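Undergrad: Before anything else, here's the structure in question.
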Amino acid sequence: MKLKNIAKKIGKSIPWPSKRRNPIAIMTKRTQAKFLNHCIVLVYFVQMMVKFTHYLVTRFNVPVNNWNKDKVGQTTLDDAWMQHRLTLFTRYCVPTIRTQTEHRFHWIIYCDINTKTGDLEQIESAVSIVPGAMVRKVSHPEEMLADLKQLIANAPTQYVITSRVDNDDGLGINYVKIIHEHFKEKDKLLLNFTGGILYDPDKKVMTQMKSSQRNHYTSLVEEKNNAMGLLTVLGFPHDNPPPGITIENIPGNGNWLKIIHQRNVKSQLKGKPIFFLNKNYFGGIDINNFQISLPNTIIYSLKRVLHKFNFLKAP
């Protein structure tokens, strides 16, 4: 495309007042060239300022080994499991991502290639309110990991960040913002939020943790070279990072929300019981979805005390 046409195209993209002619179109060729050079310099500096691309990654229902039964022995990934997860996904997960105070991220949701059309449409509809969200279909975990590596290898920045988000959990309203504030130009840097909220919507009991190590809510900073050299946050068990990983713990309260329910595979309620939730922790969730049962919380507290003195198994 000729320089004059490029300059005109840039000018047309600017919302000039309707009664005024596009000033780019009436510039001399020399002035157009100067204008274009300024645009190129501006784009260069913007690119230099943006050093990383951030991806939230959710494995929705891609099957993995040893994940065919939940903690009470019910089958996972069947219709009942899917409907239960869709409820939690739309009630807790999506709202907390939509209301992040920092919007510079992409959200990738991986679904099994055999997901029913109706279920897939519900997922796509739920995440459509989040700019930058995309649903991708794969047949197995290895394909998911390869696809993710290839996707982030094409990022326009030198560094990439991948953050793990389960489909039944939520993020603190400043989660993405704090990750960006803690970014360092360091390959294989794992950022771990130590403080979060656990909530059992069946028993209506809520707890708080302040020193959770190597939990689900980690983000991995990597220097991009090629797809084969990338690890991603899904490339290892969250509680067992491989050698070469540098872990930085980030303190704070309410940086993540873990939903405890009967369809979990392993997760159990733990932490200090609380009776009131800080309304500034999570955005977009209806407060009625955080009801607290006083009797059940007292029972949990008593069990916790008995366990502390070795009179009872952990609640």
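Since every read-out is calculated from the coordinates, none of them should be taken as a lab result. Values in this document were obtained by computation on a predicted structure and should not be read as measured data. As a convention, Cβ positions derive from the backbone with ideal geometry for all residues, glycine included, and neighbour counts pool all protein chains shown.
Undergrad: Quick check on segment 52-308: what does the Kirkwood estimate of hydrodynamic radius come out to from the alpha carbon pairs, in Å?
TA: Numbers: mean 1/r = 0.0531 Å⁻¹.
One over the average 1/r among Cα pairs gives 18.8 Å for segment 52-308.
Undergrad: Nearest-5 percent of antiparallel DSSP beta bridges in segment 52-308?
TA: 45
Undergrad: Counting only Cα, what are the radius of gyration and maximum Cα-Cα distance Dmax of segment 143-216, in Å?
TA: 15.3, 46
Undergrad: Still on this structure, please answer the following. Given the Cα atoms of segment 87-180, and with Rh set as the inverse mean 1/r over their pairs in the Kirkwood sense, what is Rg to Rh to two decimals?
TA: Details: Rg = 13.6 Å, Rh = 14.3 Å.
Checking Rg against Rh, the ratio lands at 0.96.
Undergrad: Another question, if that's okay. Going highest first, how would you order 195-204, 119-128, 287-296 by mean Cβ packing within 10 Å? Walk me through the intermediate numbers first.
TA: On the way: 195-204: 20.4, 119-128: 16.7, 287-296: 12.4.
My ranking of the peptides, most packed first, is 195-204, 119-128, 287-296.
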